[in-house]
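Report on the following structure.
The values are calculated or read from the model by the stated rules, or taken from the named source; none is laboratory data. Computed from a prediction, not measured in an experiment: that's the story for all the values here. Backbone-built Cβ (ideal geometry, glycine too); neighbour counts: all protein chains shown.
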Amino acid sequence: ISVSDLVDESYKRIGQVDDKVQAFLTLNEEKARLKAKDLDDKLGTNESKGLLFGMPIGIKDNIVTKGLRTTCASKILENFDPIYDATVMHRLEEAEAITIGKLNMDEFAMGSSTENSSFQLTRNPWNLETVPGGSSGGSAAAVAAGEVPFSLGSDTGGSIRQPASFCGVVGLKPTYGRVSRYGLVAFASSLDQIGPITRTVEDNAYLLQAISGVDPMDSTSANVDVPNFVRSLTGDVKGLKIAVPKEYLGEGVNEEVKQSVMNALQTLEKLGATWEEVSLPHSKYALATYYLLSSSEASANLARFDGVRYGYRSPNAETLMELYKNTRAEGFGEEVKRRIMLGTFALSSGYYDAYYKKAQKVRTLIKQDFEKIFESYDVIVGPTTPTPAFKIGENIADPMTMYLNDILTIPVNLAGVPGISVPCGLSNGLPLGLQIIGKHFDESTVYRVAHAFE
Ligand code: GLN
């Protein structure tokens, strides 16, 4: 099989299913085919080949790609063609992966269903009446539908793990700092991480390997060793100590979801691991903390979209102030405006101490909850989401219910630790995900446990 065959397969499959799934916003077909031909010339030679040689990959549309449209699924960037590549794109280039296209998402990664895209509705390949999750819904759906074997998503509060769970694929949020954020359009900079979505844990480890490592262009990328993740997939979990937070199996978590976690724990026990119930007492404040901090950061990050420097510019303006106001009023969607208003309020003088500063303090307490558990345990295990995928339209009118979707994933971003979602069963024909959370920079152990389910 040649690289051109692989790329062909990918576009053929997209042709067959994407009018229903609608995962892709932009295709990179011409360049992908040229690149495939280049790589085919290497086949059968002794030339060294990249880690992802010839592998088709889809990219979430908030990762900037040189000359390839990058919209963040927002009207405000509808016609934006970046002049540079994100660091992860350089790394994929070195690994010789092939970019197939850009994937749909919630506008600026704000949402849990991909229904906040300004352009199209992505559907869950398992049941087209349900959402794929979000905000990396396109990235998860494309892998689940067999359009691409690999994709990149971003996760600020669950946006890789929750859609992976809903679509029955493997999604990892790396440790904060493991992967460079340079060229990821910022939502909440202290929480955002790019991560891999794949069908198997092994593929996931390969993709993380390719994109990890310190980057001079991102001062928050960490100068720590990148271990060989694939080599950690030994299948051996004997002696591992697992913590199961009681808060993750409490009220609001669906019975079948709880059952699937109990089954997974039994499997791990049979393989020689042990588990105990623990408590993360500050979890109940995670949602409030997250929405204060992430919205505050978003209000600052999104100030740059003013109609002067990037993308859309309102034609209905006489003065500079009108230009700013109308561009933003016409360009941003509802949810994005809601976050900007909340964040601007929380950061305003007089309220800063009461909200933003308080939330920062609570974040530290949440982080300490995790650190304490990791003094005695290797990983934390629980569900990824309280329920399986919900129906399109079901939660969109009620932001609070939508926000509750990420109640089990958000604490992980606040603590900065790595977390994966792996498929662990079905409920009414819809996939369920098991979440495995590890110590800072210990993706290896997370993968090792996840691999036990394949
Ligand atoms: N659903 C969460 C939000 O809307 C998480 C989004 C994300 O991780 N990008 O903020």
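Let's see how each residue does on (1) modelled with pLDDT under 95; (2) hydrophobic (A, V, I, L, M, F, W, C); (3) within 16 Å of the ligand (Cβ to nearest atom):
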{"position": "GLY44", "(1), (2), (3)": "yes, no, no"}
{"position": "ILE63", "(1), (2), (3)": "no, yes, yes"}
{"position": "SER74", "(1), (2), (3)": "no, no, yes"}
{"position": "ARG123", "(1), (2), (3)": "no, no, no"}
For region 142-197, give me each residue that is aromatic (Phe, Trp, Tyr) and assigned to a loop (DSSP other than H, G, I, E, B).
TYR176, TYR182, PHE187
Going by the conditions given, is VAL143 in contact with a strand residue (DSSP E or B) (Cβ under 7 Å, 6 or more places away or on another chain), over 19 Å from ILE14 (Cα atoms) and at pLDDT 95 or above?
no
Give me the pairs: first residue in region 321-346 and farther than 13 Å from GLY311 by Cα and part of a helix (DSSP H, G or I), second residue within 14 Å of the ligand (Cβ to nearest atom) and at pLDDT below 95, beta-carbon distance under 9 Å, and six or more apart or on different chains, which are they?
GLU335/PRO399; GLU335/MET402; ARG338/PRO399
Residues within region 24-70 that are assigned to a helix (DSSP H, G or I) and farther than 27 Å from ALA186 by Cβ, tallied:
13
Return the residues of region 157-183 that are within 11 Å of the ligand (Cβ to nearest atom) and out of contact with any Lys or Arg (no Cβ under 9 Å at 6 or more places or on another chain); say none if nothing qualifies.
GLY157, GLN162, PRO163
Test for ALA205: is it crowded, with 23+ Cβ neighbours inside 10 Å, closer than 19 Å to GLY433 by Cα and out of contact with any Lys or Arg (no Cβ under 8 Å at 6 or more places or on another chain):
yes
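Rundown of residues vs (1) within 16 Å of the ligand (Cβ to nearest atom); (2) of a type in the set (Val, Ile, Thr); (3) surrounded by 19 or more Cβ atoms within 10 Å (Cβ to Cβ), yes/no style:
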| residue | (1), (2), (3) |
| --- | --- |
| LEU292 | yes, no, yes |
| GLU297 | yes, no, yes |
| ARG313 | no, no, no |
| ASN316 | no, no, no |
| ARG338 | yes, no, no |
| GLY343 | yes, no, yes |
| ASP369 | no, no, yes |
Is there a residue in region 352-367 that is surrounded by fewer than 16 Cβ atoms within 10 Å (Cβ to Cβ), in contact with a Pro (Cβ under 9 Å, 6 or more places away or on another chain) and in contact (Cβ under 8 Å) with a residue 12 or more places away in the chain?
yes
